[in-house]
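Engineer: Please read through the structure below; I'll follow up with questions.
No value in this document is a laboratory result; all are computed from the given coordinates. Note that the structure is predicted; figures quoted are calculated from it, not measured. We place every Cβ from the backbone using ideal geometry, glycine too, and count neighbours over all the protein chains shown.
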Amino acid sequence: MKDMQKIVIEGRRSLEGVVNISGSKNASLPIMAATLLTSEICSIRNLPNLRDIDSFSELMNSFGANIDKLDHAINICCDNINNLTAHYDLVKKMRASILVLGPMVARFARAKVSLPGGCAIGLRPINLHIDALKKMGATGSVEKGYIILEAPSGLHGADIYFPKITVTGTENILMAASLAKGRTIIHNAAKEPEVVALANILNKMGAYIYGAGTDKIVVDGVERLGGFEEAVIYDRIETGTFIAAVAAAKGEVLLKNAKIDMLECPVSIFDEMGVIIEKTEKGVKVSCDKGLKPANIYTAPYPGFPTDLQAQIMADLSLAYGTSIINENIFENRFMHVAELSRMGADIKVSGKQAVVKGVKHLTGANVMATDLRASASLVVAGLAANGTTVIDRAYHIDRGYESIEKKLQAVGARIWRES
Ligand code: EPU
């Protein structure tokens, strides 16, 4: 069974060659949700081949969307939506399903979406999404684990102040506001490149959005939106993960199509650690041939250090000469990988949201368990550097967000494979 698959790594082989970076998972999902805003055909290219994309297609399919899945592309047409309920079975697989809430209420005046429940990395409530939609005129109730939002006379523009920066919250409101009556101003908006990518596509569909990429976004609602054809931006977190892999395993790899300008903060930290990163015409060249220096990391919303790279850089820092401090400021439980890295010989002490990582000389291969997507990526990074064989159980976590990670790593010389 696919869910029982393990990833096996024989460590300590340096990496040389080229890795093709895929389209961004976290940019693709809101763009797929945005197709609910129009009855016209939407064509999305450079779509990564991931489990989360398949789950989102299944969700869209359950609403009655017409889906034509091609090679790294998808055509979605929402001209015949006949179900406005996102079922628990689909939502529990992927919290990003909440992204359908805004577009659905905006276009169909109703949405019923299962509350996602707990998550391996933190509580992850969705109160900010719901409060903002209510400010735009939706009324809501919770019934049997589902949030039901209704706006029989349509949504209207509003001044939304997010007390905390939320990426998918900002995306939900951008989509809803595009079809609302009047002007919406989002204050304390998320500035992530994926938010900007969504705003660009919404503008292509006929929306009027100004200021995406800053903390104040203004949206002037329109009556209807049209289809689009657009390529997804490249994945900055996959890029950062491969930089972490080269830092751990050593070698020189060209990350084809990668964009360094979406990764300024992590690149400056890797630079401090002794990893050489260069922008080239074809992408980003990363090389490392010596031991790593320690670094202190504070995860923060963009342009700060991404929480989605915290686990991977921790694997690197567990091998640095000296002590590093990592503060996880976004999610309250995103240190699940620590116990697994410790099984491989890492010396890490966690206290609340802080981890103190004392570099050790070697990691040793072990049987470890993937607990979530980025935690599993950190175990791959550690396995590439470790002496001996690492076996990562529950490999399905990694397939949610990394396309063919073992094939990409094999191509640059790693000994990594899958076993059932
Ligand atoms: N929060 C609330 N209430 C809300 C929404 C968020 O309290 O209504 C809190 C969260 O609990 C968290 C913080 O606000 O403490 C920020 O969460 P955010 O809403 O920004 O996270 P998200 O939108 O659910 C996206 C990514 C995550 C990434 C985070 C932070 C997508 C589909 N997901 O999640 O990606 O970690 O932003 O950058 O874009 C991943 O790819 O591995 C992943 C988890």
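Engineer: What are the ³J(HN,Hα) values, in whole Hz, obtained from phi via the Karplus relation 6.51 cos²θ - 1.76 cosθ + 1.60 with θ = phi - 60°, for each residue of the stretch 260-274 in sequence order, with x given for Gly and Pro?
Structural biologist: Residue by residue, the stretch 260-274 yields 6, 6, 8, 10, 4, 5, x, 4, 5, 6, 4, 4, 4, 7, x Hz.
Engineer: Any chance you could get the radius of gyration and Dmax over the Cα atoms of the stretch 115-164, in Å?
Structural biologist: 12.5, 38
Engineer: Using the Karplus curve 6.51 cos²θ - 1.76 cosθ + 1.60 with θ = phi - 60°, work out ³J(HN,Hα) for each residue of the stretch 353-369 in order, rounded to whole Hz, and write x for Gly and Pro.
Structural biologist: Going residue by residue, I get 8, 10, 10, 9, 10, 9, x, 10, 6, 9, 9, 10, x, 7, 7, 10, 10 Hz, with x marking Gly and Pro.
Engineer: At 7 Å along Cα-to-Cβ for each site, give me the label-to-label distance between Asn80 and Trp417 in nm.
Structural biologist: Those two pseudo-labels are separated by 4.6 nm.
Engineer: Please give the peptides 30-36, 260-266 ranked by average Cβ packing (other Cβ atoms within 10 Å per residue), highest first, as a rough proxy for protection. Each step should come with its number before you reach the end.
Structural biologist: Working: 30-36: 26.9, 260-266: 18.7.
Put in order of decreasing packing, that is 30-36, 260-266.
Engineer: Which one, Leu29, Phe162, Thr184, projects farthest toward the positive side of the charge dipole computed for the stretch 25-231 from Cβ point charges (K/R +1, D/E -1)?
Structural biologist: The residue sitting most towards the positive pole is Phe162.
Engineer: Follow-up question, since we're still on this one. Grab the alpha carbons of the stretch 1-67, take their convex hull, and tell me the volume per residue in Å³. Write out the running numbers ahead of the final one.
Structural biologist: Details: hull volume 8.2 nm³, N = 67.
Cα-based convex hull of the stretch 1-67, divided per residue, equals 123 Å³.
Engineer: Indicate, rounded to the nearest 5 percent, the antiparallel portion of the DSSP beta bridges found entirely in the chain.
Structural biologist: Working: 59 of 83 bridges.
Beta bridges within the chain, antiparallel portion: roughly 70 percent.
Engineer: Just to be sure I understand: of the beta bridges DSSP finds with both ends in the stretch 25-231, what percent are antiparallel, rounded to 5? Intermediate values should be presented prior to the final figure.
Structural biologist: Details: 29 of 40 bridges.
Restricted to the stretch 25-231, the bridges split so that about 70 percent are antiparallel.
Engineer: Something else about it: Once you've got the GNM for the chain with C-alpha springs shorter than 10 Å, pick whichever of Glu194, Glu150, Glu278 has the biggest mean-square fluctuation.
Structural biologist: It is Glu278.
Engineer: A further question on this structure: What ranking do 46-54, 345-353 get when scored by the average of other Cβ atoms within 10 Å per residue, highest first?
Structural biologist: Values: 46-54: 20.4, 345-353: 14.9.
Ranking the peptides 46-54, 345-353 by packing returns 46-54, 345-353.
Engineer: Find, to one decimal place in angstroms, the Kirkwood hydrodynamic radius of the stretch 288-420, where the mean of 1/r is taken over every pair of different Cα atoms and then inverted. Before the final figure, lay out each step's value.
Structural biologist: Numbers: mean 1/r = 0.0669 Å⁻¹.
Result for the stretch 288-420, one decimal place: 14.9 Å.
Engineer: Report, to the nearest 10°, how far helix 51-62 tilts away from the longest principal axis of the Cα atoms in the chain, using its own Cα long axis and a range of 0 to 90°.
Structural biologist: 20
Engineer: Which number do you get for Rg(Cα) / (2.2 N^0.38 Å) in the stretch 24-139?
Structural biologist: The reported ratio for this selection is 1.03.
Engineer: Computed over the Cα atoms of the stretch 187-317, what is the convex hull's projected area averaged over all directions, in nm²? Write down the numbers at each step before the final one.
Structural biologist: Numbers: hull surface 35.4 nm².
About 8.8 nm², averaged over all directions.
Engineer: Taking the inverse of the average 1/r across all pairs of different Cα atoms in the chain, what Kirkwood radius in Å do you get? Provide the component values of the computation, followed by the final result.
Structural biologist: Values: mean 1/r = 0.0458 Å⁻¹.
Its Kirkwood hydrodynamic radius stands at 21.8 Å.
Engineer: Run through the DSSP bridge list for the stretch 270-420 and note the antiparallel percent, rounded to the nearest 5.
Structural biologist: Working: 14 of 21 bridges.
If I count the DSSP bridges inside the stretch 270-420, around 65 percent turn out antiparallel.
Engineer: Please work out the Kirkwood hydrodynamic radius for the stretch 59-209, using every pair of different C-alpha atoms, and report it in angstroms with one decimal place.
Structural biologist: Values: mean 1/r = 0.0630 Å⁻¹.
Over the stretch 59-209, the inverse of the mean reciprocal pair distance is 15.9 Å.
Engineer: How do the peptides 75-83, 312-320 rank, highest first, by the average count of neighbouring beta carbon atoms within 10 Å per residue?
Structural biologist: Details: 75-83: 15.9, 312-320: 27.2.
The peptides rank, most packed first, as 312-320, 75-83.
Engineer: For the stretch 247-356, what does the convex hull of the Cα positions come to per residue, in cubic angstrom? Don't skip to the answer; put the middle values down first.
Structural biologist: Numbers: hull volume 10.4 nm³, N = 110.
Roughly 95 Å³ of hull volume per residue.
Engineer: Additional query: What is the local net charge at His187, summed over the other residues whose Cβ is closer than 10 Å to its Cβ (Lys, Arg +1; Asp, Glu -1)? Don't jump to the answer; show the numbers that get you there.
Structural biologist: Details: positive: Lys216; negative: Asp159, Asp215.
Counting the neighbours of His187, the net charge comes to -1.
Engineer: How high is the relative contact order of the chain, in percent, counting Cα pairs under 8 Å that sit 6 or more residues apart?
Structural biologist: Working: 1041 pairs, mean separation 92.5, N = 420.
Once divided by the residue count of the chain, the mean separation gives 22 percent.
Engineer: For the stretch 312-420, which chymotrypsin sites (Phe, Trp or Tyr not before Pro) are in a loop by DSSP, counting at most 14 other Cβ atoms within 10 Å?
Structural biologist: Working: sites: Tyr321, Phe331, Phe335, Tyr396, Tyr402, Trp417; in loops: Tyr321, Phe331, Phe335, Tyr402.
Passing both the DSSP loop test and the Cβ count: Tyr321.
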